Amino acid sequence: MSAYNFAIHCQPFSVAVVNSSRHLYHAIQQLYPATVFGPINANLVYDFDLTVKRRWADLAGEYLVGSASEHFRMAEQAHLPAIFEWAFNWSVASFQHYYLAFHAAVVQKGDLTLVLPAEPGSGKSTLSAMLMLQGWRLLSDESCLLDMNTGMVVPCVRPVSLKNQSLSVIRQRYPEAALRLQIDNTIKGTVGYLLPSEASWQGYDLPCYASHIIFPQYCSTQPNTVFEPIAAEQGILRLIQNSFNYSVLGAEGFTALSRLVRSVKLMQLQYADTDEMLSLMEQLK
Amino acid sequence: MRSQLLALFQAPADYARQATAADWTLLLAQLRKHGLLAKAYFKLQQTAEFDRVPLQVSRQLQSGAKYAAKQQHSLFYELQQLEPMLQQLTCPCLLLKGAAYRALALPVSHGRLFSDIDILVPASSVSEVKNKLFFSGFYEPEMAEYDRQYYLRWSHQQPPLHHFERDSVIDLHHHIFPPASARQLNIVPLFEQAVAIPGSGFKTPCLQHLFVHAAVHLFWQEETHRSLKDIIDLNDQFSALAEQGLLASLSEEAIKIGAAQAVTNVVYVLTQLFPSDSASAYLQQASVAAPQRLLCHCFINTLQDKGIMPAMCKALWFVRGHRLKMRWSILLYHMLAKPLSLLRR
């Protein structure tokens, strides 16, 4: 047993990591609170397993990151934290079909729970980071998990992964933001992590009903902000396009999505002016 | 390390009663590795102890079951797409392995994952079927010429055929064992005793032949990474044969095809891993030759993930499997020509 093995006791999924990298251990420890990050506990069941080790009796070279079932990726030491976070996402995206999952950020404040579906790389992490720093509770910065039995959105709180310009945008706007681990030259460029707020971690196992589904699109050339309702049939198609496992869930997934779109306000948002966008979100009822 | 998988499939109810949290964690990892989440879900669900399975585990198992259900749905869709082509064929067309188990709704198919659709046609009809498949959208993707020739000359199937739009892959077989082998199997009975699927142009081999094929597939080849899943499948298939009183005819059919030794060995392995009266009784039959015990124990060793003995057994199994699939002359040629063809590329 390596001294650097660790576990992440997240909800709804936990992961046990057999790890030989001291660097990774200390990096990940910075990203999760002590209630979530800890040693592997033999009295708990873990949903996923990951292994981080080198070849040749673990002596030299790049690290292999993967699960018992599949190899995920090779990584040099400096990139390990980013690769690890992606590997955890990959485990959830490839192996879980209990929840209907789609690419979306989810935030909540009072009676409002906003689901913000958008493709990867379209700035939803930045958007959810800003909303969280404005006092919203973060449920997820990248995957919305819908419990098909209850119709509720289940949180999946994790460090917010910010890339390239997003990092400087957040740093400029919120100099106090808890940004950790800047990792340069990954395949996605520079990656850094924003720690979830205390309220977000406190609510890490509290599901809620979505009130709004807003399809956001940042476009710097957009002359004025567009914020308008869209039809249910358009909304459901766009959710399907953003889904990880709709094709696996079939009819069950369709029924759950139909119920979801009928119970929320569906909107689309195109913006260039961030301040205006944020104030629109604050005015929502 | 004791295999959690074997413990679970040997006695699902006991497992659910006794497993510790650490066991469940390890089990989930092993089930994922072997594609057995869904199968475990069905096995545990059939026991009275299902409510002892931790919620977290049963949700992961359900995830697997949903994935398996989606695959089975896709399989039926694909078979429907092939139906018009079948109506034009003049030869019989048999579904093999997973597709056959599913079409017959055998217990072994519950939660079983599969990747390709395996079909068997008479050797003389291969080009006719291949051409018809082409006009149904299935083509042969480019592959290294050496590998392609390997399929065409020495293997019992055509290079895999992919659909140009859908993700489906068909393995078109003209035999169940490589013709390059010194061992000649007689597959005429497979066609003669094939069972028609009501309302479809497809047929399947009878249950006994499905077992013989799976046994040949497991025992006379070189790979070991799927063996655990395969032996668990064979246990389900054997139970189904026993329930229907077909064990006496299983040994007759195995002899007719020329695969009695593979079948006997598999049943011997079953007595070691999943002890049952019917498996022991099968080996007592006068018509059944003695199992190759040493070889069977070598096989059982290959089911372990780690260890020196399992590693040695896997190496032996690899060499032996190749040796069985190819005559010495062909194997020697292949051992020299394959690396050369890679170098040339």
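The values are calculated or read from the model by the stated rules, or taken from the named source; none is laboratory data. Given the structure is predicted, the values throughout are model-derived calculations rather than measurements. Neighbour counts run over all protein chains shown; Cβ positions are idealised from the backbone, glycine included. Note: areas computed on protein heavy atoms with side chains; ligands, DNA, RNA excluded. Shrake-Rupley method; radii C 1.70, N 1.55, O 1.52, S 1.80 Å.
List the helices (runs of 4 or more DSSP H) inside segment B:26-129, counting only whole elements, that have at least 2 residues being of a type in the set (S, T, N, Q) and under 27 Å from B:ILE231 (Cβ atoms). Before the answer, list the steps.
Details: elements: B:37-45, B:55-87, B:97-103.
Hits in segment B:26-129: B:55-87.
Filtered by the rule that a residue be surrounded by fewer than 17 Cβ atoms within 10 Å (Cβ to Cβ) and not in a loop (DSSP other than H, G, I, E, B), segment A:30-72 gives A:GLN30, A:GLY38, A:LYS53, A:ARG54, A:ARG55, A:TRP56, A:ALA57, A:ASP58, A:LEU64, A:HIS71.
Scanning segment B:141-160 for residues that are open to solvent by 20 Å² or more (accessible area, probe 1.4 Å), over 20 Å from B:LYS203 (Cβ atoms), at pLDDT below 90 and part of a loop (DSSP other than H, G, I, E, B) yields B:PRO141, B:GLU142, B:MET143, B:ALA144.
Conditions tested, residue by residue: (1) more than 14 Å from chain A (Cβ to nearest Cβ); (2) modelled with pLDDT under 95; (3) over 27 Å from B:ALA103 (Cα atoms).
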residue: B:ARG2; (1), (2), (3): yes, yes, yes
residue: B:ALA11; (1), (2), (3): yes, yes, yes
residue: B:LEU31; (1), (2), (3): no, yes, no
residue: B:GLY35; (1), (2), (3): no, yes, no
residue: B:PHE50; (1), (2), (3): yes, yes, yes
residue: B:GLN56; (1), (2), (3): no, yes, yes
residue: B:ALA69; (1), (2), (3): no, yes, no
residue: B:HIS73; (1), (2), (3): no, yes, no
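The single condition from (1) closer than 26 Å to A:VAL17 by Cα; (2) without any contact (Cβ under 8 Å) to a residue 40 or more places away in the chain that B:HIS34 fails is (2). Across segment A:242-276, the qualifying residues are those that are out of contact with any Asp or Glu (no Cβ under 8 Å at 6 or more places or on another chain) and among the polar types (S, T, N, Q), and the one among them that is least open to solvent (accessible area, probe 1.4 Å) is A:ASN245.
Only a single item in (1) in contact with a helix residue (DSSP H, G or I) (Cβ under 7 Å, 6 or more places away or on another chain); (2) surrounded by 17 or more Cβ atoms within 10 Å (Cβ to Cβ) is not met by A:GLY151, and it is number (2).
Among A:LEU179, A:LEU133, which is touching a Lys or Arg at 6+ places or on another chain (Cβ under 7 Å) and buried (at least 17 other Cβ atoms within 10 Å of the Cβ)?
On the way: A:LEU133 fails: touching a Lys or Arg at 6+ places or on another chain (Cβ under 7 Å).
When all the criteria are applied, what remains is A:LEU179.
When every residue of segment B:325-336 is checked against the conditions, none turns out to be at pLDDT 90 or above, among the aliphatic types (A, V, I, L, M), open to solvent by 30 Å² or more (accessible area, probe 1.4 Å) and over 19 Å from the mean Cα position of the chain (by Cα).
Condition (residue is of a type in the set (D, E, K, R) and closer than 29 Å to B:PHE134 by Cα) applied to segment B:65-80: is it met by at least one residue? Steps first, please.
As a first pass, look at segment B:65-80 and keep what is of a type in the set (D, E, K, R): B:66, B:70, B:78.
Remaining after also requiring closer than 29 Å to B:PHE134 by Cα: B:70, B:78.
Within segment B:65-80, one or more residues are of a type in the set (D, E, K, R) and closer than 29 Å to B:PHE134 by Cα.
Taken over segment B:92-128, residues that are open to solvent by less than 60 Å² (accessible area, probe 1.4 Å), farther than 30 Å from B:ASP236 by Cβ and among the aliphatic types (A, V, I, L, M) amount to 1. Checking each residue in segment B:233-260 for being open to solvent by less than 20 Å² (accessible area, probe 1.4 Å) and either farther than 18 Å from B:PRO275 by Cα or free of Cβ contacts under 8 Å to residues at least 24 places away in the same chain (or both) picks out B:LEU250, B:SER251, B:GLU253, B:ALA254, B:ILE257, B:ALA259. Residues in segment A:84-130 that are hydroxyl-bearing (Ser, Thr, Tyr) and within 19 Å of A:LEU237 (Cα to Cα): A:TYR99, A:SER122. Of everything listed in (1) touching a residue at least 24 places away in the same chain (Cβ under 8 Å); (2) at the interface with chain A (Cβ under 9 Å from one of its Cβ atoms), the single unmet condition for B:GLN46 is (2). Restricting attention to segment A:1-27 and to residues that are open to solvent by less than 20 Å² (accessible area, probe 1.4 Å) and farther than 22 Å from A:ASN43 by Cα, the residue that is farthest from the other protein chains (Cβ to nearest Cβ) turns out to be A:ALA27.
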